[in-house]
Every structure is written in structure tokens, then in C-alpha cells.
């Protein structure tokens, strides 16, 4: 019964504070500049519910740098911060004094980056202090690898940690969703020799308190971020042009971000000549900086999936009605959101030309000169997306 344990009062108080914090987090949805439509309200509150799991993962369940686990962040039902539709993100807590190994099967994703970062001004940390990319990781004849994270130098596959190192993040971006294989790896702290203890009240008290704070801090951070781009709709800006914070961003290419706004009967046309790059992607999502349901909707494309015009141009249309061109970004009921374009491994970062026009005028302006797609081809595009997602996440 209550009172039988000396920690009962503090545990109960912490739990009540946690629940009160979750209740008050709903105000973030109403205080934002989000569109008032049903879909935005519903997805705003769903975002909160999804991120409770992320908060608890980071601050309670997988928060001990002496016993880290590589747990994935985002997937089709848990999203935040403009997650890439092509990606699997894994991460684990570390520190700057211990030695860690990450080992297993590297996989064949188009782009792989393993980064070590310090804590910082954002909920996702700050400065990246070291990284290894796919082409830098030495593997054996079977594709297996072992990487060391440590302040002391190691012969190969080594990332030097700094005293303030806080987390390791692994990004895998898949070009061909149906063919590329995901990584299968684990992390171990080599310098921790004590047996892991069972959970104690103080651990839960701290974890719940920090989880509640992380939930609101992270949602609020991305709301403030999206509002900066919302003030300049339908125009691409580099991340660094509108935000100076250091964050655990994808290394190897600067993200270009555009806030799109398209009503029924309108179409947003993007035109750009892709540069030579190891990988590039066009990510697409809502005001809440969530990707749309990329299992069932055409809400992204990349260097492997996109259809390029004979001229070498990439042509993309955002519209509520299918424009019957290959590279369609389906708003899925939203009228506003973000587009992120990444040129990874390129020497140049061209910004797309963006034009807002009437949907009815597309045939006059575009269809005489560009490639189109049939109904069967469109259905196959969507069918292939779900199959690729199921393979990637081992569902």
C-alpha cells in the first residue's frame, strides 16, 4: 500500500508531475502557427503521443552510457524533426572517457554515416566531433565490420571521442528500397566491467522528469524551426541561413529546406538539375516536421527512384490531384509543410526553381515536354514503396 516504502511519496509525486507535464504539452499544439484544419490538429496530438515513446527511450530506457544499446529512433509510426523517408536512424548514449565497439554486418545502404556528437543547445545534441562514412569503413569478405569509439587512437575504423561526447548516431539512407540491405550491428562498452544493476527509484524519478522535459523541449524546438521557414514559403534556404545552432545533422551535404503552401486546385512545380552526388533525396512532410506515410503515399523521391527528364532536369510537382508525372509529391490532405533536399557528396548545392501555378494549367505548361506516367505505373510505384519499407524495418 501507499506509504509502505520510503520512496512512495517521491515516486507518486514524480509520476503526477510527469502526467501533468504531458497534459500541459497539448498547449503547444494550440499555441503554434499550425493550420487549423482537422488533419493538422489530429496529427499534432498524435505527434505528442508518438514522442512520449522517444522521450522515455532517450531519458529512461536507454540513457546509461555504460550499458548502451543501438535502438532505432524513427520509423513509419514514430517521427520527428524531418526524418528522411529513405532512412533508418539508430543511436546510443556514450561518454568521452570509455571505449566502445560497434560491430556487425555493415549492410548495403546507399549512404551510411556513423557520427559521434556532444550535448548541445538542441534536444538532439550539438557539435559533431567525429564521423566515419560507408566508403571509409573497412569490412571483411563477408561485409562485417568493427568500429572503435575511444579517446585513445586505434589502428583502423576509429572515431576519436571528445571529453564531452554524448551520443553516437548511425544513419542509413536507402536508395533502392527493394534491393539494399540494412545494417545489423550492436554496441558494447569495453571498459565497463561491473554487472548492470536493477532499476532503482532514483533512476525512475530522474528519467521520468527528464523525459517530460525532453518531450516539450523537442516538440517546441521543431515548431519554432518550421515557423522560420513558414515566413518565407515556396523558397529554398540552407539550414544555416535561418538557424545557427549546431545539431546532429546529416554530414556530407547541406540540407536545403523549403516551406511549401499549396491549396486545392494549385500545383507547386520544382525544377533543378541534380549535380553529381553519391546520393540525393527529396523529403516531404507536414507542418509538424513529420514525413507523411511513406508506406502508402508518394511523399519522397531520391537519386535511385526519381525519373529524370531527357535534358537531365529533375521535375517535381506538389499537388492534391495526381498530375500524372513520375515525380509527384502527394500532400496527403495537408495544405502546408516542408521539403528538404539533400545533395550528399556533391561539390555544389543547387537550389530548385519553385513556381506556384494553377493545376489546370499544368497540361498547357508541362505535359507537351515532360515524361508522364500511367495509372498502372503509379500503382506499382506505391506498391513497391510499402514492400521496401517492410524490408528495411524487418517488419
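Details
- Full extension of the chain between residue 241 and residue 49 yields a length gain of 66.0 nm, computed as 0.36 nm times the residue separation minus the alpha carbon distance.
- Selected from 288, 158, 260 as most flexible by GNM, with the chain as the system and alpha-carbon contacts under 10 Å: 158
- Helix axis angle, 375-392 relative to the chain longest principal axis, alpha carbon, degrees: 10 degrees
- Segment 52-189: relative contact order as a whole-number percent, Cα under 8 Å and 6+ apart: 34 percent
- Between residue 365 and residue 309, the distance separating the two model label sites (each 7 Å from Cα on the Cα→Cβ line) works out to 1.2 nm.
- Selected from 18, 173, 284 as most flexible by GNM, with the chain as the system and alpha-carbon contacts under 10 Å: 18
- Largest GNM mean-square fluctuation among 254, 235, 377, using the chain with Cα springs under 10 Å: 377.
- For the chain, calculated [θ]222 nm from helices alone, where every DSSP H run of n ≥ 4 adds -39500 (n - 2.57): -8000 deg cm²/dmol
- Shape of segment 223-392, Cα gyration tensor, a/c cut at 1.5: rounded
- Prolate/oblate/rounded call for the chain, Cα gyration tensor, a/c under 1.5 rounded: oblate
- Projected label points at residue 209 and residue 188, each 7 Å from Cα along the beta carbon direction, are separated by 3.5 nanometres.
- Relative contact order [Cα under 8 Å, 6+ residues apart], the chain, whole percent: 18 percent
- Two-site label geometry, residue 38 and residue 200: point separation in nm, points 7 Å out along Cα→Cβ: 5.2 nm
- Our note on the geometry: Cα centres of segment 96-114 and segment 326-373, 35 Å apart.
- The spread of Cα positions in segment 312-378, taken along each principal axis and listed from longest to shortest, comes to 36, 28, 25 Å.
- Cα long-axis angle, helix 38-56 against the chain (0 to 90 degrees, to the nearest 10): 30 degrees
- Segment 52-189: C-alpha gyration tensor shape, a/c 1.5 cut-off, then a/b vs b/c: oblate
- Against the chain, whose longest principal axis comes from its Cα atoms, helix 201-230 is set at around 20 degrees.
Values quoted throughout were computed directly from the atomic coordinates according to the rules given, and no laboratory measurement underlies them. Being a predicted model, the structure only gives us computed values, none of them experimental. FYI the Cβ positions are ideal-geometry reconstructions off the backbone, even for glycines, and counts take in every protein chain you see.
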